[in-house]
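The values are calculated or read from the model by the stated rules, or taken from the named source; none is laboratory data. Since the structure is predicted, the reported quantities are computational estimates derived from the model, not experimental observations. Cβ sites come from the backbone with ideal geometry, for glycine too, and all protein chains shown count toward neighbours.
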Amino acid sequence: MAKVTLDKETFKALASDTRLDILRTLDGKKLGLNDISKATNLNKATLHEHLSKLNQVGLVKKKEREGHKWVYYKLTWKGENLLHPENTKIVVLFTITFVALWTGIIQMIWYVKGTVINVGQNIFYANEAAGDGMKAGTNESAVPAIDSIPENSRLLLDSGDGAVNVLYQNPLFLYIALACFIVFTIVLCVAIWRLWENKTPKL
């Protein structure tokens, strides 16, 4: 279980079972004074005193809307962490899943997009002296070396000027994308499991 550090004033505020009951009542909710009073069976004067103390130590905050007489109370992040110490870890886990997903998508886009590399000119000409019609010949000095073409490349011919390009798809981008998707799946499962386990208040 994650550790929660409490200062002296917060520790004093939590010495009351009534205040702990109020915190549990507000867990995941935004309630008015009447609703809290019904849930805890406390009169409004006593309840207001406890809520003021909890608000003072930063465990509860009150929300007021201008022009409205209603005041709502809810737990602060500190109060939520007190009931659910794993909250911070869960937020970190979901952040990792988000980063892994977007990194994987970007890497996959880079892989699919590839890099176009110009490897020379491939000039075809008609050999009319051969005597058997139009034959396609190749200027050997203009043909790019096969060794210069990276593996996992697709040949692209430009019919306009006879340029020879290759579309190189770096497999490293694909491997990184797959690794990111695997990390995303694993961490997401762990985060959802920790979130489910953390629903029950620890106090």
Being within 30 Å of residue 24 (Cβ to Cβ) and either of a type outside the set (Ser, Thr, Tyr) or modelled with pLDDT under 80 (or both) narrows 65, 154 down to just 65
Return a yes/no flag: does region 26-43 have any residue that is closer than 25 Å to residue 87 by Cα, surrounded by 14 or more Cβ atoms within 10 Å (Cβ to Cβ), in contact with a Gly (Cβ under 9 Å, 6 or more places away or on another chain) and not hydroxyl-bearing (Ser, Thr, Tyr).
yes
Subset of region 107-119 [without any contact (Cβ under 8 Å) to a residue 60 or more places away in the chain and either outside any helix (DSSP H, G or I) or within 21 Å of the chain's Cα centre (by Cα) (or both)]:
109, 114, 115, 116, 117, 118, 119
Of the residues in region 57-98, those that are surrounded by 14 or more Cβ atoms within 10 Å (Cβ to Cβ), in a helix (DSSP H, G or I) and among the hydrophobic types (A, V, I, L, M, F, W, C) come to 82, 83, 90, 93, 94, 96
Taking the residues in region 169-188 that are surrounded by 15 or more Cβ atoms within 10 Å (Cβ to Cβ) and either of a type in the set (Phe, Trp, Tyr) or over 20 Å from the mean Cα position of the chain (by Cα) (or both) as candidates, determine which candidate is nearest to residue 91 (Cα to Cα).
184
